[in-house]
1. Within the stretch 170-189, restricting attention to residues that are open to solvent by 50 Å² or more (accessible area, probe 1.4 Å) and out of contact with any Leu (no Cβ under 8 Å at 6 or more places or on another chain), which residue is nearest to the ligand (Cβ to nearest atom)?
2. From (1) touching a Cys at 6+ places or on another chain (Cβ under 9 Å); (2) crowded, with 16+ Cβ neighbours inside 10 Å, pick out the condition that doesn't hold for M92.
3. Restricting attention to the stretch 75-98, report how many residues are closer than 17 Å to I5 by Cβ and either assigned to a loop (DSSP other than H, G, I, E, B) or touching a strand residue (DSSP E or B) at 6+ places or on another chain (Cβ under 8 Å) (or both).
4. Quick test for you: out of K47, K61, pick the one residue that is modelled with pLDDT of 95 or more and assigned to a loop (DSSP other than H, G, I, E, B).
5. Which is within 15 Å of the ligand (Cβ to nearest atom), open to solvent by less than 20 Å² (accessible area, probe 1.4 Å) and closer than 22 Å to H182 by Cα, of L8, L46?
6. Give the residue, chosen from A131, A113, that is part of a helix (DSSP H, G or I), under 25 Å from K183 (Cβ atoms) and either open to solvent by less than 50 Å² (accessible area, probe 1.4 Å) or within 14 Å of the ligand (Cβ to nearest atom) (or both).
7. Restricting to the stretch 11-43, and then to whatever is in a helix (DSSP H, G or I), open to solvent by less than 30 Å² (accessible area, probe 1.4 Å) and in contact with a strand residue (DSSP E or B) (Cβ under 9 Å, 6 or more places away or on another chain), can you tell me which residue is nearest to the ligand (Cβ to nearest atom)?
8. Residue under question is T143, and the condition is that it be of a type in the set (V, I, T), more than 12 Å from the ligand (Cβ to nearest atom) and either within 15 Å of the chain's Cα centre (by Cα) or part of a loop (DSSP other than H, G, I, E, B) (or both); does it hold?
Amino acid sequence: MSIRISVLVSGGGSNLQALIDAQQAGLLGNGKIVQVISSRADAYALKRAAINGIPSIVIDKNRFPKDADRNAAILSALQSASTDMVVLAGYMSVLSPSVVGAYRNRIVNVHPALIPKYCGMGMCGQHVHRAVLAAQEKESGATVHIVDEGVDTGRILSQERVPVMPGDTVETLAARVLEVEHKILPAAVGQLASEIERIK
Ligand code: GRF
């Protein structure tokens, strides 16, 4: 019996692609991506879903200006797809407590830094790498964690470090961290899918 995974996206979808590739390689265990929910209608991640025959839905601020309505629509989409696990893959919004509570300990997020450093509200995407470089850190990395009601505060499932190289730019550091995200996210999703299957 498969563990039904809904993936939430906002942008290019390279993490979604890593999950799709892992599933096709049999590395997600019984995890099966059953839908993609995008917070943006122009997200290239939606194209990736279409190419791979994965149903998708756009739940954005245009269709749902109010936070509460948008999160109610997300919850409804998750339940309609009989979702067992939710993965935030480059998702740039914060889920409401009602969604987090409905999927307690079954939502994971990938963050492009070594939590508890460089995380929290506003610390997303390029802002993270800019702050790491400004602080002249010698290393950075990626973290996969359980999503709770806070921002980037849930239990850490895995982390991997990368060096910050002399002459690094936001772009070169982001690319090095993204490579690690593509590795540790599928591994953590596969692990959690097995744990959920055991208690399902
Ligand atoms: C990247 O900055 C990644 O670090 C973060 O979301 C952004 C886009 O990821 N998790 P993706 O290519 O849309 O998966």
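The values are calculated or read from the model by the stated rules, or taken from the named source; none is laboratory data. Computed from a predicted structure; not experimentally measured. Here the Cβ is made from the backbone with ideal geometry for all residues, glycine too, and neighbour counts use every protein chain on show. Ligands, DNA and RNA are stripped out before the accessible areas are found, and what is left, the full protein with its side chains, is counted by its heavy atoms. Shrake-Rupley method; radii C 1.70, N 1.55, O 1.52, S 1.80 Å.
1. Looking at the filtered set, the residue picked out is L178.
2. Condition (2) is where M92 drops out.
3. Residues in the stretch 75-98 being closer than 17 Å to I5 by Cβ and either assigned to a loop (DSSP other than H, G, I, E, B) or touching a strand residue (DSSP E or B) at 6+ places or on another chain (Cβ under 8 Å) (or both): 14 in total.
4. K61
5. Among L8, L46, only L8 is within 15 Å of the ligand (Cβ to nearest atom), open to solvent by less than 20 Å² (accessible area, probe 1.4 Å) and closer than 22 Å to H182 by Cα.
6. Of A131, A113, the one residue that is part of a helix (DSSP H, G or I), under 25 Å from K183 (Cβ atoms) and either open to solvent by less than 50 Å² (accessible area, probe 1.4 Å) or within 14 Å of the ligand (Cβ to nearest atom) (or both) is A131.
7. Here the residue is N15.
8. no
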